[in-house]
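Below is one structure, written out as structure tokens; the observations come after it.
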Amino acid sequence: MNYLVQQIEARQQAWHAAKALLDAAAAEKRDLTGEEQQSYDRIMADMDVRADRIKDLQAAEARALDIEAAVAAAPEVRTQPRSTEVAPMTDAEILRKMAMGEIRSHTFERRTGLSKSSEGTDIVPTGFYANIVENLTYTGPWPTRGGYTVLNTASGENITVPTETGRATGTAVAEAATFAISDPTFGSLTLSSFKYGTLVVSSTELLLDTGIDLEAFLGRQIGVSLGTAVNSALTLGTGTVQPNGIANGAGSAVTGGTGVSGVPTADNLIDLVHAVDSMYAMRPSAAFQAARTTIGAIRKLKDTAGYYLFSPAATVGSVDQLLGFPMIENPYIPATGTAATAKSVLFGAMDYFYVRQVGGIEVVRSDEAYFTSDQVAWRATVRIDSALGNSSAVKYYKGGAS
């Protein structure tokens, strides 16, 4: 029972009480006594108060019904206050606000909820970060083509990565004899962060032109510049005030013959594959790396039956194969012919190479540096480090001294 109905029923009960007083006096053919008159007046006053209350409640109910009818006829009519939440800006909107000088800097990061390819690798995400990553991919194995283990952290303090340097082994024992304890051997890597960056300059007119795709333009410029610097460091870095590159950390395996300028033979490549322990060579990430010139020389190699060792990718999205393993082009590995004793071919489990990245890619806009030429500078930076978990996981071929 709602409050309005209660008030109506209470008023009715009061009226019946007042009427009973009048009926009793009329039956006795007399006026109300002093006490009856006071009771009657109290009842009438109470009925007046309840009448006003009932009137207000009925008016409120009528207004509510009118609102419901209006909403039913026009859904755009709102009975609740509008939400004050603001939808997050897209990367394109952020870049446009940066171009207009409304935002000075922003850190672009990888989006979540990415799909995966049939090989299980992440497909490049959407947004400005995607444009940068796509162009990074053209410059070398990092961040998507190398099969490296990439560790993303929010802050830049040193992190320790545990590694397995020796595995447990089992042995045969006699009946009722005691098994020998065999534990794996563990080591660790300490990864810090080194800053790499680039400066892109664009005209003010270019930025103010709404027809220009800023994501594509800046993504290409920043991606290529950063990718060149970072992929070079991840390949050749010495580990001193720079990342420890995969070539620097790889173990020695095969040395070619003298006087061949570092060009491997078919037997050299077979020996390289079998110099890597099966614990690493059988991993899904096992692959070759070499520069484009070296790959060109390797493509000419044949086995004793006259078949080429190299198999080009058969479908879009697949990779070239060498001796049944992926061949990854890395332009920063020394090419054959540049130095006879250079490490020109790598092979092994690429996921044993750890790349640590701090946050995303920070982009900062500045008008001051090129003020006199009415140009805008865009500075992009990334913090990164790397190291190979075990020198036995990836090994190298180098040519013999002339």
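A compact table of results
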{"read-out": "Selection status of T336, assigned to a loop (DSSP other than H, G, I, E, B), in contact (Cβ under 8 Å) with a residue 40 or more places away in the chain and in contact with a Gly (Cβ under 7 Å, 6 or more places away or on another chain)", "value": "yes"}
{"read-out": "Residue that is farthest from I333 (Cα to Cα), among those in region 293-308 that are of a type in the set (G, A, S) and loosely packed, with under 12 Cβ neighbours inside 10 Å", "value": "A305"}
{"read-out": "Residues being touching a helix residue (DSSP H, G or I) at 6+ places or on another chain (Cβ under 7 Å) and of a type in the set (D, E, K, R) - total across region 306-336", "value": "1"}
{"read-out": "E134 vs. criteria within 29 Å of the chain's Cα centre (by Cα) and at pLDDT below 70", "value": "no"}
{"read-out": "Residue within region 70-77 that is closer than 30 Å to R104 by Cβ, β-branched (V, I, T) and modelled with pLDDT under 80 present", "value": "no"}
{"read-out": "Positions within region 1-55 being under 60 Å from the mean Cα position of the chain (by Cα) and surrounded by 12 or more Cβ atoms within 10 Å (Cβ to Cβ), in sequence order", "value": "L4"}
{"read-out": "Selection status of T238, surrounded by fewer than 17 Cβ atoms within 10 Å (Cβ to Cβ), on the phi < 0 side of the Ramachandran plot and either over 22 Å from the mean Cα position of the chain (by Cα) or not hydrophobic (A, V, I, L, M, F, W, C) (or both)", "value": "yes"}
{"read-out": "Cβ-Cβ under 7 Å pairs, at least 6 apart or on other chains, region 6-25 side at pLDDT 80 or above, far side of a type in the set (V, I, T)", "value": "A17/I43"}
{"read-out": "Pairs, first closer than 19 Å to L151 by Cα in region 219-237, second modelled with pLDDT under 90 and part of a helix (DSSP H, G or I), C-beta under 6 Å, six or more apart", "value": "G227/L136"}
{"read-out": "Only one of P331, P284 that is closer than 12 Å to V345 by Cα, assigned to a loop (DSSP other than H, G, I, E, B) and open to solvent by 60 Å² or more (accessible area, probe 1.4 Å)", "value": "P331"}
{"read-out": "1 or more residues open to solvent by 20 Å² or more (accessible area, probe 1.4 Å), over 15 Å from G245 (Cα atoms) and among the small types (G, A, S): qualifying strands (runs of 3 or more DSSP E) within region 351-402", "value": "353-366"}
{"read-out": "Residue match in region 220-228 (condition: over 26 Å from F194 (Cα atoms), of a type outside the set (D, E) and under 37 Å from the mean Cα position of the chain (by Cα))", "value": "no"}
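For (1) buried (at least 17 other Cβ atoms within 10 Å of the Cβ); (2) assigned to a strand (DSSP E or B); (3) at pLDDT 90 or above; (4) not charged (D, E, K, R), each residue gets a yes or a no:
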residue	(1), (2), (3), (4)
G259	no, no, no, yes
I270	no, no, yes, yes
H274	no, no, yes, yes
F288	yes, yes, yes, yes
T315	no, no, no, yes
P326	yes, yes, yes, yes
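The values are calculated or read from the model by the stated rules, or taken from the named source; none is laboratory data. Every value quoted in this text rests on a predicted model; they were computed, and no experiment measured them. Backbone-built Cβ (ideal geometry, glycine too); neighbour counts: all protein chains shown. SASA here: full protein model, heavy atoms, side chains in, ligands and nucleic acids out. Shrake-Rupley method; radii C 1.70, N 1.55, O 1.52, S 1.80 Å.
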